[in-house]
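In what follows, a structure is listed as structure tokens, so that the remarks can point back to it.
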Amino acid sequence: MQQITMGQAIQQALAEEMRRDDSVFLAGEGIGVGIHESPVMPTFGLLREFGPARVKDTPVSEAAIAGLAVGASVLGLRPVVEVMFNPFFTLASDQIVNHAAKLRYLSGGKSSFPMVVRVKTGAGFGAGCQHSHNLEAWAAHCPGLKVVMPGTAADAKGLLKSAIRDDNPVVFIEDMGLFFFPSPVPEGDYTIPIGVADIKKPGRDVTVVTWSKMLGVAFKAAAALGQEGIDVEILDLRTLLPLDKEAVIKSVQKTGRLVVLHEATRTGGFGGEIAALAAEEAFSYLKAPVKRVTAPDIPVPFSPPLEQFYIPNENQLIEAVKSIVV
């Protein structure tokens, strides 16, 4: 099994799908030049292999990029477009929310509108509040979209290939902090179904539901808690929409306790949806209140020490778990 970063795994998925299907093409701001020429970036080398007809640099306009994707999808192509930072999703949201997400519904399911919107997200780079805010809950609030947020390189490759082959619009959110660290990824063609969560670590005492970069935080906390005799089950959602409700409920029924961990801010965050699900469909199994570990309700600070304060860490998760287990 190869050891590659998430950026490289995404690059493999894009290249393999473009070789498999001539209708797949890429578009985005500078996706063939600049920082994308780093070997760990997801579009590295794709311009050289596929040429400017299928790897298209765009003007700096997220609304235009999203509109291009909608139009190309209507005409039968499979566009994969990039929104450089998650907060810029707001600029593209009219085309994605009011058009892409609704077209298949308006056709009564008779037409397909395949498109993938790749979005980079995550704090930790000193990029400031206008480039770092996690807005996955905004996308997940929109019926008609699928929202994918992988936490490992292997999941990223398999899920992106499924997203490209899907006949619905998919918002594929990638945490930049995962682009640079190698992990095991199967070689060759494989897919992972959208809408299926994964138990990354079985446990008996408490369920931690998380996704994306916070998966690493969950593993660190679980290792420390394990030394104190607390057995943590880690459930990686991988997909927010459609949500794998059955996996969440089944895990909570087994452990009787639930902590939700995400990097996005607390109020209106997707963690509230997980807490509501447990309250509505697994309440009788809960031995303690549901806890959430999230970023505070502030913009992402620019100062590195303040930014580290903003990002949830394993100590906060350990404290939350102990408050309902010990």
| field | Partners for K200 among lysines (Cα-Cα distance below 19 Å; same-chain residues under 8 apart left out) | value | K157, K213, K220, K245, K250, K254
| remark: Summing +1 per Lys or Arg and -1 per Asp or Glu among the other residues with Cβ less than 10 Å from G271's Cβ gives +2
| Crossing angle, helix 153-165 versus the chain [Cα axis fit, 0-90 degrees, rounded to tens] | 50 degrees
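So if each residue of separation counts as 0.36 nm, and I subtract the Cα-Cα distance between L77 and V60, what length gain in nm does that give?
3.9 nm
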| query | Under a 5 Å amide H to amide H cut-off, with H placed in plane at 1.01 Å, what residues pair with E174 once short-range neighbours are removed? | reply | V119, K120, T121
| request: With springs only between Cα atoms under 10 Å apart, run a GNM on the chain and tell me which of L68, L235, L26 wobbles the most. | output: L68
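What 222 nm value per residue comes from the helices of the chain, counting each DSSP H run with n ≥ 4 as -39,500 (n - 2.57) and dividing by all residues, nearest 500 deg cm²/dmol?
Details: 13 runs with 122 residues, N = 326.
Roughly -10500 deg cm²/dmol at 222 nm, from the helical runs in the chain.
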| field | Ranked packing of 101-109, 17-25, most packed first, by mean Cβ within 10 Å | value | 17-25, 101-109
| Where does each of T58, T267 land when they are ordered by accessible area, with a 1.4 Å probe and the largest first? | T267, T58
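For the range 206-326, divide the Cα radius of gyration by the Kirkwood radius and give the resulting Rg/Rh value with two decimals.
On the way: Rg = 13.9 Å, Rh = 14.5 Å.
We get a ratio of 0.96 for the range 206-326.
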| note | Phi angles of the range 133-146, converted by Karplus (6.51 cos²θ - 1.76 cosθ + 1.60, θ = phi - 60°) into ³J(HN,Hα) in whole Hz with x for Gly and Pro, give 5, 8, 10, 4, 5, 4, 5, 5, 7, 9, x, x, 9, 10
| message | At R0 = 41 Å, how high is the FRET efficiency between D231 and D189 if r is their beta carbon distance? Nearest 0.05 is fine. | response | 0.70
| Considering amide H positions built from the backbone, and no H for Pro or chain starts, which residues 5 or more places from L241, or on another chain, come under 5 Å of its amide H? | V147
| remark: When the chain is treated as a Gaussian network with springs between alpha carbons less than 10 Å apart, the largest mean-square fluctuation among F270, F172, F50 is found at F50
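Show me the ranking of peptides 236-243, 89-96 by mean Cβ neighbours inside 10 Å, starting with the highest. Don't skip to the end; give the middle numbers.
On the way: 236-243: 23.2, 89-96: 19.4.
Output ranking for 236-243, 89-96: 236-243, 89-96.
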| field | Reduced Cα scattering model of the range 138-269, Debye log10 I(q)/I(0), q = 0.20 Å⁻¹ | value | -1.24
| query | Mind listing the phi-derived Karplus ³J(HN,Hα) values for the range 89-94, rounded to whole Hz, using 6.51, -1.76 and 1.60 with θ = phi - 60°, and x for any glycine or proline? | reply | 4, 4, 6, 9, 5, 4
| Residue-wise, which Karplus ³J(HN,Hα) couplings in Hz belong to the range 316-323, taking 6.51 cos²θ - 1.76 cosθ + 1.60, θ = phi - 60°, and x for glycine or proline? | 5, 5, 4, 4, 5, 5, 5, 5
| request: Just the number, please: percent antiparallel of the DSSP beta bridges in the chain, rounded to the nearest 5. | output: 20 percent
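The values are calculated or read from the model by the stated rules, or taken from the named source; none is laboratory data. Bear in mind that the values here come from a model prediction, so they are computed numbers and not experimental data. Cβ: placed from backbone, ideal geometry, glycine included. Neighbour counts: every protein chain shown. Areas reflect the complete protein model, heavy atoms only, side chains present, ligands, DNA and RNA absent. Shrake-Rupley method; radii C 1.70, N 1.55, O 1.52, S 1.80 Å.
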